[in-house]
Structure formats: structure tokens, C-alpha cells
Amino acid sequence: MGVAAEDEPLEGDIGPAADAGAPRPAGTSGPRQADAAAELRRYEAEREERRRRTNAASGRIAAALAALLLAFLAYDSVRTALTARSRGDDWIYPPLVIAGICTIALATLLAWAARRVK
């Protein structure tokens, strides 16, 4: 009883070693290698598509949260400016300037999001 070589197929073998004994032309890969390579390319393409969809959804959520935050900050700063004005305190520099900056940032974010959707 001799020891069988690793590439030698066993009787009834259906695994990759079953085709190991069949001669192939030099420089060509077998059909299983081509199928495996095609399967890997398909898998990578699907994975890339899932990654892109996930990133797009995450970006939309982040933009919506940033817009909500900027809108709240602008609203709160305007309310603070009105309260300060009614009390006779400084109302232009700290609160109204912050409200203007938040409003400009919100408008910029909304314009960027609208442009990106198109």
C-alpha cells in the first residue's frame, strides 16, 4: 500500500482534487478557477454597492441632524436677542450675530444637499 499523492483524486472524490489528475493546456487556468474569480468579483461588486448605499444613508442622516441643530441654534439665538433687547441688554453682538452665522450655515447646508440630490 503506497501513500497517494496530495493532488491525486481518490475514488468517488468530488472535490477540487477530482480534476487534479486531468491534464490542462499550459498557461490556462481551469474552469473552476475562472468561476471562483468571477464569483469573487461579483461578491466584491455587491459589497461595494452595499457600502455605497450605507454611506449615502449615513450622509443623509448626518445632514438632517446638522440642519436640525443649526435651525435650533438660530431659533434660540433669535429668541435670546429678543429677550435681551426687551431688557435693554446687548442684543446685536452675541445673540444676533450667532443667529446670522447659524442661518448662513443652514442655508449653505440646504443648498449643498439640494445640489447633491440632483
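Work out Dmax and Rg for the range 52-118 from the C-alpha atoms and quote the Rg first, both in angstrom.
Over the range 52-118's Cα set, Rg and Dmax evaluate to 15.4, 53 Å.
Above 14 Å lies some portion of the pair distances; for the range 28-80, what is it as a whole percent of all C-alpha pairs?
For the range 28-80, the fraction of Cα-Cα distances above 14 Å is 72 percent.
Rule-based calculations on the coordinates, nothing more; no lab input. Model, not experiment: these values are computed from the prediction.
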